[in-house]
Amino acid sequence: MHKELNPELFGEKKIAKSSSLTPSMDRSMESTSSMASNGTNYLNTDRQIFELKTQNQAMAEQMNKIVGTVNELIKSTNAKFERNQHLLTRLEQSHNGLATEAGQKITQLTQRVNERRSLDLKVQEMVDRHNNVIKSFEVRMNHLQKLLAEKEAQMISCQAALNESKMEIARLKRL
């Protein structure tokens, strides 16, 4: 299929030539038709120009609408970006505050744990000393019980010797 531009677009019009006309008639028709076609060509050209102007105006209006819409979208997008930036800044500040607070609490907890460990060590030392004192006391008590048992045995043997001596003195007195 052969494509070609509309000849009326630029003010040109194809004139159909009939084969029945003679060249002289052809020329006279051409001059008459060219005069008539020039008037219609100008009208067609004016009409086309008017249509193109209205199309251009419609396109300009559409472009203005599109530009307005794009500007509104840019403004709303910028507002959203600013809101998101503000929210992100607040979130970062909150996060930093929480991180600082958590760090302080961890430091306090570490100090408490260290204090507890030192107190536990002191208590363990005291318990160990107490156990050592008890063990030494038990050793002394055992030693004293042995001494007491020995002294008791000595006292019993002394008592027995004394009783024997009394009995001997009493027998000697009788004699």
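Quick one: pull the percent of accessible area on the range 131-171 belonging to carbon and sulfur, 1.4 Å probe, ligands and nucleic acids left out. Provide the component values of the computation, followed by the final result.
Numbers: 2430 of 3830 Å².
Within the range 131-171, the accessible surface is 64 percent carbon and sulfur.
According to the square roots a ≥ b ≥ c of the eigenvalues of the Cα gyration tensor, what is the shape class of the range 53-154, taking rounded for a/c under 1.5, prolate for a/b larger than b/c otherwise, and oblate for the remainder? Cα axes put the range 53-154 in the prolate bin. Across the range 155-164, rounded Karplus estimates of 3J(HN,Hα) from the backbone phi angles (6.51 cos²θ - 1.76 cosθ + 1.60, θ = phi - 60°) give 5, 5, 5, 5, 4, 5, 5, 5, 4, 4 Hz, Gly and Pro being marked x. Summary of the geometry: the range 53-67 and the range 124-174, compared by the centres of their Cα atoms, lie 129 Å apart.
What the range 56-175 shows is 96 Å² of accessible area per residue, with the surface traced by a 1.4 Å probe over protein heavy atoms.
The values are calculated or read from the model by the stated rules, or taken from the named source; none is laboratory data. On a predicted model such as this, the values are computed, not experimentally measured, just so you know. Remember, those area values only see protein heavy atoms, side chains included, never the ligands or the DNA or RNA. Shrake-Rupley method; radii C 1.70, N 1.55, O 1.52, S 1.80 Å.
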